[in-house]
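For reference, the structure discussed in these notes is given below.
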Amino acid sequence: MSSDKGQTKVRRVGIAGFGTVGQSVARLLCSERYPNLLLTHIYNRNIQAKRVDWVPRHVVWTDRIEDLLDTGVDIFVELIGGLSPAKEWIETAIMDGKSVVTANKQVIAKHGAELCTLVRQGGTALGFEAAVGGGIPMVRGIQQGLGSDHLIELLGVLNGTCNFIFDRMECEAVTMEEAVREAQALGYAEADPSDDLDGFDAQAKIAI
């Protein structure tokens with residue numbers, strides 16, 4: 001879909017995964033902040049349970065990923081998480097000439113290099129800033145701000161859940177077990193917090 005000569009081309013966007021992050025992205029796309037981006041498709045497994053009334057009528061709701069991958073969507077936004085089938089869907093989208101945006105830390109940490117190679121070969125784009133640091137532009141800051149430097153060391157607490165736990169233990173003198181339970185109750189930690197506590201989340205961030 002193109003606009004009049006001299007104006008920016010409108011790019012069609014499909015979202016795979018309509019959870020908390022997916023809904024936030026959809027709200028941005030449905031606002032008037034990005035007139036050159038048009039939300040056209042939303043995919044989710046239990047799509048009927050995910051329907052909301054604030055999405056424009058033209059948007060296609062579907063539980064068939066093919067409706068996003070095999071259509072004229074220009075930008076594929078992957079927000080389902082996990083390694084598979086997310087990696088395969090991202091690959092399919094890139095090879096079909098679509099640009100991809102993802103917040104999938106696992107896929108980028110493990111397969112980011114090969115996906116970037118696919119992108120270079122196809123002349124598309126892969127955005128993964130959201131995979132690390134939430135809304136903080138960590139990846140862009142390192143790529144652009146430190147591109148000519150030789151990075152020797154990174155110091156810091158790279159996991160938000162651990163940061164909360166350390167703070168509670170230091171400032172409130174609670175035990176680690178109490179701090180973990182509090183983090184879970186507040187939604188900061190999963191029911192199984194091993195990815196955070198065993199360092200796998202931080203490892204993935206360093207890999208990215």
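Nothing in this text is a laboratory measurement; each read-out follows from the coordinates by a stated rule. Small disclaimer: the values here were computed from a predicted structure and weren't measured. FYI the Cβ positions are ideal-geometry reconstructions off the backbone, even for glycines, and counts take in every protein chain you see.
A few notes on this one:
- Each residue, Glu91 and Glu153, gets one label point 7 Å from its Cα in the Cβ direction; the gap between the two is 3.9 nm.
- Where GluC sites (Glu not before Pro) fall in DSSP loop in segment 143-201, at most 13 other Cβ within 10 Å: Glu153, Glu190
- Estimated from the Cβ-Cβ distance and a Förster radius of 22 angstrom, the FRET efficiency linking Val60 and Glu32 is about 0.55.
- CD proxy at 222 nm, helix term only [per DSSP H run n ≥ 4: -39500 (n - 2.57); per residue of the chain; nearest 500]: -11000 deg cm²/dmol
- Estimated D of segment 11-139 in µm² per second, where Rh is the Kirkwood radius over Cα pairs and Stokes-Einstein applies at 4 °C, 1.567 mPa s: 88
- In this simple spin-label model, placing a label point 7 Å from the Cα along the Cα-to-Cβ direction at both Asp167 and Arg45 gives a separation of 3.3 nm.
- Rg(Cα)/(2.2 N^0.38 Å) for segment 89-205, N = residue count: 1.30
- Plainly put, segment 160-207 has a radius of gyration that is 0.98 times its Kirkwood radius, both from alpha-carbon atoms, as the Rg/Rh ratio.
- Sorted by Cβ neighbour density within 10 Å, fewest at the top, the residues His111, His58, His41: His58, His111, His41
- Computed from the Cβ-Cβ distance with R0 of 41 Å, the FRET efficiency linking Met176 to Thr8 stands at 0.20.
- Interatomic Cα distance distribution for segment 124-192, bins of 5 angstrom, percent: 3, 14, 17, 17, 14, 12, 11, 8, 3, 1, 0
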